[in-house]
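Notes to accompany the following structure.
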Amino acid sequence: MRYIDEYRDPEGARRLADLVARVVTRPWTIMEVCGGQTHAIVRFGIDELLPGGLTLVHGPGCPVCVTPLEIIDRAIEIAERRGVTLCSFGDMLRVPGSGKDLLRVKSEGGDVRIVYSPMDALRIAEANPSREVVFFAVGFETTAPANGMAVYQAARRGVKNFSILSAHVRVPPAMEAILSSEGNRVNGFLAAGHVCAVMGYEEYEPLAAKYRVPVVVTGFEPLDLLQGVLQCATQLEEGRADVENPYSRVVRREGNREARRIMGEVFRVIDRKWRGIGMIPQSGLGLAEAYEAFDAEARFGVGAVSVEESGECISGLILRGLKKPVDCPAFGSRCTPERPLGATMVSGEGACAAYYKYRRHEVRHG
Amino acid sequence: MCLAVPGRIESVEAGGDPMSRTGKVSFGGILKDVNLAYVPEAGVGDYVIVHVGFALNKVDEEEAKEVFQYLREMELADEAEPGGGTG
Ligand code: SF4
């Protein structure tokens, strides 16, 4: 397909990988922020094309993975109420809460539905005025404009039986949390291309300057990823720490103005807890005051539900780039996608799940 | 979850409110209804990046050649520089 196939050309990928090998003279650690990129890197074996000194570590960029257990439990509690229809994207349904997952609620008779777009959830609300329709809104800045639009339209159209359970997170504060954490190994970032499609890349400039790290806005195909790595490594070798944008076919400096306008209207920046990492100031989006009536947590009174995580899982270290999935003793044995113990095994975009899917554990042990 | 894919706008629904602008987008022949509110400049024949039913941005045709131009430049630089191609 156009704008996909040409960026998967193996010959171009080999040439870019050669260029990386020529540029790199010292060991560097580069983090790709987005789980979609992690998935593509492992799937296409991009990391295996790179010279030994260059390490790619996987970042916190999977919204499903970083949604705290207690928010999953709140969604489950809401979904079990009579008269409620809970809608979400498919991958949220399989995430285990502390007792069960949303699929289980569905099999027990709860009205839990998978939607492709938040607008579908709004349509369900309009078609079923006697039911309370709740949309479980997870995602980064990529998804916030869509979820924001659903709330914006609900307010415009006076849809009273619609609300959202918001677990929205923002990427730049998480990058800063990683850079300022003890033992940080990350020398440079591949910024998440589709987050930047919405937000642009101005907000990375203070980060790059303050921590002296290059940030390269990167897409999701093999050539995009290799070009991102090449530009990041070149900057590191030259001692530069700039923000660069080779994903310019999709990303503009200022992002998408209209999308940012709706996000700014519907949401406000709040502190948020990340699964595996903990509280990060200013890293979430909650509903703005004018839209608080659409807050499912308040409507259903579930804001106080709180739980603790399993102690064995090291996904917090993986999400900060300090460990790889194969370093976890539970990986592939006690923890699998069917029975996940932790955040990064849960979603297909989590690093542990990507390693498991592409059989990296067999390569390592056999 | 953050997956966003390029598709071609096949038709645009005529309608009043620009915030509800929608159209049909083809992903390798599979048509989907997509909200076009965030890409007011995009029309039939344009490629857009679509995520959870919303077009996030128009794909810029000129900029799309960037990586290929970059590779060509590196090659030319290699040829110009004696011994540069051995690395
Ligand atoms: S393999 Fe499972 S237990 Fe280990 S870090 Fe990954 S998610 Fe956590």
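Do we find that A:Thr55 is open to solvent by 20 Å² or more (accessible area, probe 1.4 Å) and either at pLDDT 95 or above or assigned to a strand (DSSP E or B) (or both) in this structure? So that I can check it myself, show each step before the final result.
Numbers: open to solvent by 20 Å² or more (accessible area, probe 1.4 Å): yes; either at pLDDT 95 or above or assigned to a strand (DSSP E or B) (or both): yes.
Against the criterion (open to solvent by 20 Å² or more (accessible area, probe 1.4 Å) and either at pLDDT 95 or above or assigned to a strand (DSSP E or B) (or both)), A:Thr55 qualifies.
Does region A:18-52 hold any residues that are part of a helix (DSSP H, G or I), within 12 Å of chain B (Cβ to nearest Cβ) and either open to solvent by less than 80 Å² (accessible area, probe 1.4 Å) or in contact with a strand residue (DSSP E or B) (Cβ under 7 Å, 6 or more places away or on another chain) (or both), and which are they?
Hits for region A:18-52 are A:Leu19, A:Val20, A:Ala21, A:Val23, A:Gly35, A:Gly36, A:Gln37, A:Thr38, A:His39, A:Ala40.
Table: residues versus (1) more than 30 Å from A:Ile314 (Cβ to Cβ); (2) out of contact with any helix residue (DSSP H, G or I) (no Cβ under 8 Å at 6 or more places or on another chain); (3) open to solvent by less than 10 Å² (accessible area, probe 1.4 Å).
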| position | (1), (2), (3) |
| --- | --- |
| A:Val66 | no, no, yes |
| A:Arg123 | yes, yes, no |
| A:Pro145 | yes, no, yes |
| A:Arg157 | yes, no, no |
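All but one of (1) within 9 Å of the ligand (Cβ to nearest atom); (2) modelled with pLDDT of 90 or more hold for A:Glu258; state the number of the condition that does not hold.
(1)
For region B:1-20, which residues satisfy the criterion of being within 13 Å of another protein chain (Cβ to nearest Cβ), part of a loop (DSSP other than H, G, I, E, B) and more than 21 Å from A:Glu141 (Cα to Cα)?
Correct list: B:Gly16, B:Asp17.
In region A:147-226, which helices (runs of 4 or more DSSP H) lie fully inside it and hold 1 or more residues that are over 23 Å from A:Ile262 (Cα atoms)? Show your work before the answer.
On the way: elements: A:171-180, A:193-199, A:205-211.
Filter on region A:147-226 gives A:171-180, A:205-211.
Could you grab me the full set of residues in region B:29-51 that are in contact with a strand residue (DSSP E or B) (Cβ under 8 Å, 6 or more places away or on another chain) and open to solvent by 10 Å² or more (accessible area, probe 1.4 Å)?
Scanning region B:29-51 gives B:Leu31, B:Lys32, B:Asp33, B:Asn35, B:Glu41, B:Gly43, B:Val44, B:Gly45, B:Asp46, B:Tyr47.
Take the residues in region A:231-280 that are assigned to a helix (DSSP H, G or I) and among the acidic types (Asp, Glu); name whichever of them is surrounded by the most Cβ atoms within 10 Å (Cβ to Cβ).
Looking at the filtered set, the residue picked out is A:Glu258.
Just the residues that are surrounded by 24 or more Cβ atoms within 10 Å (Cβ to Cβ) and within 8 Å of the ligand (Cβ to nearest atom), please, taken from region A:341-352.
A:Gly342, A:Ala343, A:Thr344, A:Met345, A:Val346, A:Gly350, A:Ala351, A:Cys352
Out of all the residues in region A:185-194, is one or more under 18 Å from the mean Cα position of the chain (by Cα), within 30 Å of B:Asp17 (Cβ to Cβ) and within 13 Å of chain B (Cβ to nearest Cβ)?
Yes, there is a match, as at least one residue in region A:185-194 is under 18 Å from the mean Cα position of the chain (by Cα), within 30 Å of B:Asp17 (Cβ to Cβ) and within 13 Å of chain B (Cβ to nearest Cβ).
The values are calculated or read from the model by the stated rules, or taken from the named source; none is laboratory data. Just so we're clear, the structure is a prediction, and the values are computed from it rather than from any experiment. For neighbour counting, all protein chains shown are included, and Cβ atoms are generated from backbone atoms with ideal geometry for every residue, glycine included. These accessible areas exclude ligands, DNA and RNA; they are computed on the full protein's heavy atoms, side chains included. Shrake-Rupley method; radii C 1.70, N 1.55, O 1.52, S 1.80 Å.
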